[in-house]
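The values are calculated or read from the model by the stated rules, or taken from the named source; none is laboratory data. Predicted, not measured: the structure shown is a model, and the values here were computed from it. When we count neighbours, we look across all protein chains shown, and the Cβ atoms used for this are built from the backbone with ideal geometry, even at glycine.
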Amino acid sequence: MKKLFVALLVTLSALPAFAQYNPYPSSCQVVAVDRYNRVVARFYAQTDWRNGQCVQGLRQCNQEIRRRGWYDVRCAQVRNRW
């Protein structure tokens, strides 16, 4: 019984080491910016946990630029300031 208790205690104390840490916030923002750095549109999505990029938001932004036929507009990911 004592060995079982020690084994359980060691297993439970090691569990936080296996937890997946996400250093990136869960949501992100992408803006469509014209050549004068004015925001034309905003897009919100979830941050990719593997690289911290706003992949889905950038995809939505580029699709919207193509769909609306905007020229001299680019997509930029907004970084958190905190």
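Those residues that are of a type in the set (Asp, Glu) and more than 17 Å from the chain's Cα centre (by Cα), I need them from region 26-52; list them, please. Let's see the steps before the verdict.
Initial filter on region 26-52 (of a type in the set (Asp, Glu)): 34, 48.
Result: ASP34, single match.
May I ask you to say which residue of ARG74, ARG50, ARG42 is part of a strand (DSSP E or B) and either touching a residue at least 40 places away in the same chain (Cβ under 8 Å) or surrounded by fewer than 11 Cβ atoms within 10 Å (Cβ to Cβ) (or both)? Lay out the reasoning, then the answer.
On the way: ARG50 fails: part of a strand (DSSP E or B); ARG42 fails: either touching a residue at least 40 places away in the same chain (Cβ under 8 Å) or surrounded by fewer than 11 Cβ atoms within 10 Å (Cβ to Cβ) (or both).
Testing whether each residue is part of a strand (DSSP E or B) and either touching a residue at least 40 places away in the same chain (Cβ under 8 Å) or surrounded by fewer than 11 Cβ atoms within 10 Å (Cβ to Cβ) (or both) leaves just ARG74.
Please specify each residue of region 23-39 satisfying the condition of being surrounded by 10 or more Cβ atoms within 10 Å (Cβ to Cβ) and either of a type in the set (Asp, Glu) or at pLDDT below 80 (or both). Break it down into steps so the answer makes sense when it comes.
Keep residues of region 23-39 that are surrounded by 10 or more Cβ atoms within 10 Å (Cβ to Cβ), which gives 24-25, 27-34, 38-39.
TYR24, PRO25, ASP34 - these are the residues of region 23-39 that are surrounded by 10 or more Cβ atoms within 10 Å (Cβ to Cβ) and either of a type in the set (Asp, Glu) or at pLDDT below 80 (or both).
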